[in-house]
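Enquirer: This structure is in structure tokens; I'll ask about it shortly.
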Amino acid sequence: MAQKGRKYKLLANTEWHATIAEKEQKKEAEILASDGFPLLKNTPPSYMSNAVKTEWKRIVPAFQLLPIRSLDRAMIEQYCVW
């Protein structure tokens, strides 16, 4: 099946003058297109206790370097509570 239109270029490979909002929108689309799930957020859920929030804030930045998405959030919550 042939592709119609232009090939999609990654944000890093484009040379166009876009606004910050346009770049952020394209970057978000790239992330969602990779596996369909949003990235894990830095902020812990509001229902967590202070000790659990501290552990969340300690480990989540390291997890953002890995291909962990919001789908895995329940497992991370369990680890922080335990």
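FYI, it's all coordinate maths here, none of it is from the lab. Predicted model, so just to flag it, every value in this text is computed and none were measured. Quick reminder, even Gly has a Cβ in these numbers, built from the backbone with ideal geometry, and neighbours come from all protein chains shown.
Enquirer: Calculated FRET efficiency, L39 and V81, Cβ-Cβ r, R0 22 Å, to nearest 0.05?
Expert: Given R0 = 22 Å and the Cβ-Cβ separation, E is 0.50.
Enquirer: Further question: Would you mind getting me the FRET efficiency between Y47 and D72? Use the beta-carbon distance for r and R0 = 22 Å, nearest 0.05.
Expert: The computed FRET efficiency comes out at 0.75.
Enquirer: Modelling each spin label as a point 7 Å along the Cα-to-Cβ direction, I'd like the F63/K23 distance in nm, to one decimal.
Expert: The two pseudo-label positions are separated by 2.8 nm.
Enquirer: Taking the highest mean first, how do the peptides 48-59, 18-29 order by number of other beta carbon atoms within 10 angstrom per residue?
Expert: 48-59, 18-29
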